[in-house]
1. Could you list, in sequence order, the residues of the stretch 310-327 that are without any contact (Cβ under 8 Å) to a residue 24 or more places away in the chain and in contact with a helix residue (DSSP H, G or I) (Cβ under 7 Å, 6 or more places away or on another chain)?
2. Pick from VAL141, VAL160: which is modelled with pLDDT under 65 and under 44 Å from the mean Cα position of the chain (by Cα)?
3. Applying the selection to the stretch 266-282, what residues are outside any helix (DSSP H, G or I) and surrounded by fewer than 17 Cβ atoms within 10 Å (Cβ to Cβ)?
4. Every residue in the stretch 44-82 that is farther than 15 Å from GLN29 by Cα, surrounded by fewer than 16 Cβ atoms within 10 Å (Cβ to Cβ) and free of Cβ contacts under 8 Å to residues at least 12 places away in the same chain, please.
5. Would you mind telling me which numbered condition in (1) of a type in the set (Val, Ile, Thr); (2) within 21 Å of GLN322 (Cβ to Cβ); (3) surrounded by fewer than 16 Cβ atoms within 10 Å (Cβ to Cβ) THR259 fails?
6. Kindly indicate whether any position in the stretch 3-12 is modelled with pLDDT of 90 or more, loosely packed, with under 14 Cβ neighbours inside 10 Å and within 30 Å of ILE157 (Cα to Cα).
7. Being crowded, with 16+ Cβ neighbours inside 10 Å, out of contact with any Leu (no Cβ under 8 Å at 6 or more places or on another chain) and either in the same structural domain as GLY253 (by TED's automatic domain parsing) or part of a loop (DSSP other than H, G, I, E, B) (or both) is the filter here, so list the residues in the stretch 22-43 that pass it.
8. I need the full set of residues from the stretch 262-281 which are in contact (Cβ under 8 Å) with a residue 40 or more places away in the chain and either in contact with a Cys (Cβ under 8 Å, 6 or more places away or on another chain) or among the hydrophobic types (A, V, I, L, M, F, W, C) (or both), in order please.
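The values are calculated or read from the model by the stated rules, or taken from the named source; none is laboratory data. What you see is a predicted model; the values in this text were computed from it and never measured. So basically every Cβ, Gly included, is an ideal-geometry build from the backbone, and we count neighbours across all protein chains shown.
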Amino acid sequence: MRYFFVDCALDTDRRELRRGSDVVPTTPQVLDLLEYLIRSRDRVVSKDDLVNAIWNGRIVSDAALTTRLNAARRAIGDSGDQQRLIKTFPRRGFRFVAAVHDEDQRPGAAVISGALAEPSKLACEAGRATVSIPDAAERVVGKRRFDDWLGRHRGRIKLVGAALAWVATIGAIAGGLIGYWNVWKTIRTDVVREAQRIQAQPTVRPEIAPRLSLVVLPFANLNNDPEQDHFADAVTTELTTGLARTPAIFVVGRETAFTYRNKAVDLKQLGTDLGIRWAVHGAVRRNGDQVRINVSLTDLQTARDVWSDRFDGERTHLAALQGNITARLLCVAHLHLRQYEQAIEQCSRSLNMTGTDFQAYIGLISAYRPTGQMENAREGNGLAAEGTS
């Protein structure tokens, strides 16, 4: 099936999206999303409808759905601000609002026109009054046929035009009609081969540098009192907010994280579904004004805990305790990614180091830092040590 709208054509059989004569590189999920929206264009589809249709009901974050939707809009020349083709209905869903006609409708229109071409014969057989062919319908069918032909051959027309331009330039230099003709054939062949070679080359994407991306899963309540559940939720929310305030760090939203409450989670699959590297999880116990928080940091690529610790404090100083936990998490994660400059700031704050303690900490960093970077660390951080002493 092929769908035509604006200057685009979506071929579901060939899994191909074109704008004009150009093929738009598109991921399979974006193609599925476009096809579903176009097929359901007579109604507003909800987020749940898209998740069931595209991801087969798997748990998907709002960020992942928004990313795929924005990619679909860019592929067809739309945007979230304009919404000319894909319109968002707040708290309801999305709908494809552009005019669409598909390939199956075109032959049907031609058949109807052919049937109407003999109105007197049909009138005799059916015993009804003779009808006339509307000229407007024939013009519409003819225009659609011409647009279809132009869409299929537009790439060839452009290629021939480029080759002719080259021929005109080289022919003027060579002089003479015979030389002009020979050069034209040679250049045209080379241009076609080069275009085919470039199209056959795979697209090389630059490597993406490691980035701190994580989710804070709901903390468990170790008290036997169910009324303390809200206290564990408050700790989870505060840690999420504290981590999200750090620049250049992506933290999955609280609403998405709380969908995993009281569920058995496949950690590697969690990282794949949410597109993140780390998971923070733990448990909370409260005894009067005394609070104990157990925290672990898990690498979702290996499903192994890279760090765990226990923090004790008073409820009246809970904000400072949570700030210390946030700094310690960032310290460990940055060290694991060998992002030493970022790690030094967080580790210094969480460990409350000054003067001599800071110099001792440099020895800890050397266990992670590759050879050759240690001296730079000492020079760059010596002033920081003096400033805190």
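1. Across the stretch 310-327, the qualifying residues are PHE311, GLY313, ALA327.
2. Testing whether each residue is modelled with pLDDT under 65 and under 44 Å from the mean Cα position of the chain (by Cα) leaves just VAL141.
3. Listed by number, the residues that qualify are ASP266, GLY275.
4. Matches in the stretch 44-82: ASP48, SER79, GLY80, ASP81, GLN82.
5. So the condition that THR259 fails would be (2).
6. There is at least one residue in the stretch 3-12 that is modelled with pLDDT of 90 or more, loosely packed, with under 14 Cβ neighbours inside 10 Å and within 30 Å of ILE157 (Cα to Cα).
7. SER40, ARG41
8. VAL265, LEU270, LEU274, ILE276, TRP278, ALA279, VAL280, listed by residue number.
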